[in-house]
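Q: The structure follows.
Here, each number is a calculation from the coordinates, and none is a lab measurement. A quick note: this is a predicted structure, and the numbers were derived from the prediction, not measured. Virtual Cβ from ideal backbone geometry, glycine too; neighbours counted across all protein chains shown.
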Amino acid sequence: MQNLFIRKFLANKFFWFYLLSGGFVLCTALLGILVSSVSVPVPHIFYIIINNTFNTLSYEDIAPNVEMIIWNIRLPRVLLAFFVGASLALAGAAFQGLLRNPLADPYTIGVSSGASLGAVIVLFFSISISGLGTFTLPVFAIAGGFSALLVVFGLVRLSSRSLAIETIILAGIIVSAFISSIVSLIIALGDRDSMTQIIYWLYGSVGMRGWSHVQLIIPFMIIGTVILLKHYRELNALALGEDSAEHIGVNVTRGKTWILIGASLLTGSAVAVSGAIGFVGLVIPHLVRLVTGPNHMHVLPLSMFTGGAFLILADLLARTIIAPKELPIGVITALIGAPVFAFLLIRERLGRRGG
């Protein structure tokens, strides 16, 4: 009986999907920590991580500067890349499921732009709210992203009774353009130092970040992830249409509200710590859905793992492709994501025309 259960378990294709995605994450994380101008043996890396995590081991042959490079620079950078990529991919999968179209993601519907504006306001005016402290930045970014989302849906409702994906993307482009003009105005009003800081931040990067940025994203990522994973059934039901979902007992309004809140938390916190990184939420969920099918019970977690690993690789390319110089990670994701987005858009239009 036990052997039969094990055979059935191993025959389940999703078991292998999760195993492969987990292995992909571990391999990319190890690559991200290994590859750099300073070569560190793999055993030393594990010693450093275990020793600093549990304070139980020591290794006399490891120089203090090497330990600092691994623990204070490379590891937080890799973790931050994973958390940001996982957050954006998970939010993209939620938006695509909610709107029933693979062309939706935080970047195309204006959420990332709104989050960027919220973060830029905090950076430019050096805002710090009593009681929030360093969490002022992600809170403002989340509020900005959610506000932009409300504006986009408000414009769609005013112009059309249906939530057509073309209308949503058009409204997202309009809102993003307006927000970009406000950001440009803020930059123009600042001095050269603040202008350089904001522009570099807007390109998107996980470099020059430390454990403080990892700590900023973790609570919002956990809350947003729990919200979305808890509402995967609503996403599956909404795939049939809102009327059909209501007929099978789904509270559509409440479900949509929670999904939007969870996706906004993930997007806003990711933008707050890394800047605007596009196309992760567009490309990854679509590719995962092609492999696993439409069930969000698997699409959501697998998108999260794959998106995190993808951004680790993108960051690895960004800092090695023209070393010793470093490209913004948003450039790498855009170079990969823009052609994919164009392909999806063309295929979607051809599909609606019947080929």
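Q: Taking the chain as a Gaussian network, Cα atoms linked when under 10 Å apart, which of PRO102, PRO43, PRO219 shows the biggest mean-square fluctuation?
A: With Cα springs under 10 Å in the chain, the top fluctuation among PRO102, PRO43, PRO219 is at PRO43.
Q: Follow-up. In whole Å, largest first, what are the principal axis extents of the Cα atoms in the stretch 23-100?
A: For the stretch 23-100, the Cα extents along the three principal axes come out at 56, 27, 21 Å.
Q: Could you state the orientation-averaged shadow area of the convex hull built on the Cα atoms of the chain, in nm² to one decimal?
A: 22.7
Q: Just want the answer: with Cβ charges of +1 for Lys and Arg and -1 for Asp and Glu, which residue in VAL283, CYS27, GLY308 is farthest toward the dipole's positive end in the chain?
A: VAL283
Q: Residues of the stretch 89-121 with backbone nitrogen within less than 20 Å of a virtual label 7 Å along the Cα-to-Cβ line of ILE346, please, listed as ranges.
A: Answer for this model: 102-104.
Q: Estimate the FRET efficiency between GLN197 and PHE15 by the formula 1/(1 + (r/R0)^6), using the beta-carbon distance for r and 56 Å for R0, to the nearest 0.05.
A: Here the calculated transfer efficiency is 0.75.
Q: Mind listing the phi-derived Karplus ³J(HN,Hα) values for the stretch 245-250, rounded to whole Hz, using 6.51, -1.76 and 1.60 with θ = phi - 60°, and x for any glycine or proline?
A: Calculated HN-Hα couplings, in order: 4, 5, 5, 9, x, 8 Hz.
Q: Could you put HIS44, HIS298, HIS213 in order, starting from the residue whose Cβ has the fewest other Cβ atoms within 10 Å?
A: HIS44, HIS298, HIS213
Q: Give me the number: length gained by fully extending HIS44 to ILE218, i.e. 0.36 nm times residue separation minus the C-alpha to C-alpha distance, one decimal in nm.
A: Extra length from HIS44 to ILE218 when fully extended: 60.0 nm.
Q: To continue, here is another question. Projected onto the charge dipole of the stretch 81-196 (+1 at Lys/Arg Cβ, -1 at Asp/Glu Cβ, origin at the Cα centre), which of LEU98, ALA148, SER181 gives the Cα projection farthest towards the positive end?
A: The one lying farthest along the dipole's positive direction is LEU98.
Q: Next up: What would the Debye formula give as log10 I(q)/I(0) at q = 0.12, 0.15, 0.25, 0.26 Å⁻¹ for the alpha-carbon point model of the stretch 285-352, no solvent?
A: Computed log10 I(q)/I(0) values: -0.43, -0.63, -1.06, -1.08.
Q: Using +1 on the beta carbon of Lys and Arg, -1 on that of Asp and Glu, and nothing else charged, what's the dipole of the chain about the Cα centre, debye to 20? Provide the component values of the computation, followed by the final result.
A: Values: 21 positive and 14 negative charges, 196 e Å.
Its charge dipole is roughly 940 debye.
Q: Going by C-beta contacts inside 10 Å, put MET304, MET297 in order with the fewest on the left.
A: Final ranking by Cβ density, sparse to dense: MET297, MET304.
Q: Given charges of +1 on the Cβ of Lys and Arg and -1 on the Cβ of Asp and Glu, with all other atoms neutral, how large is the dipole of the stretch 146-280 about its Cα centre, in debye to the nearest 20?
A: In total the dipole reaches around 160 debye.
Q: Follow-up question, since we're still on this one. For the stretch 82-94, take each phi angle, set θ = phi - 60°, evaluate the Karplus expression 6.51 cos²θ - 1.76 cosθ + 1.60, and give the result in whole Hz per residue in order, putting x for glycine and proline.
A: 3J(HN,Hα) across the stretch 82-94, in whole Hz: 5, 5, 5, x, 5, 5, 5, 5, 5, 5, x, 4, 5.
Q: With 10 angstrom as the radius, rank ILE259, ILE322, ILE277 by how many other C-beta atoms surround their C-beta, starting from the fewest.
A: ILE322, ILE259, ILE277
Q: Once phi is turned into θ = phi - 60°, what whole-Hz ³J(HN,Hα) does the Karplus curve with 6.51, -1.76 and 1.60 give for every residue of the stretch 15-26, x standing for Gly and Pro?
A: Each residue's phi maps through the Karplus curve to give 4, 6, 4, 5, 5, 5, 5, x, x, 4, 4, 5 Hz.
Q: Note the direction-averaged projected area, equal to a quarter of the hull surface, for the Cα convex hull of the stretch 165-274, in nm².
A: 9.0
Q: Just subtract the alpha-carbon distance of VAL291 and LEU34 from 0.36 nm times their residue separation and send over the number in nm, one decimal. Provide the component values of the computation, followed by the final result.
A: Numbers: separation 257, 0.36 × 257 = 92.52 nm, distance 3.00 nm.
Full-extension gain reported as 89.5 nm.
Q: Amide H neighbours of VAL206 under 5 Å, at least 5 residues apart or on other chains, H built in the peptide plane: list them.
A: Residues meeting the amide H criterion: ILE329.
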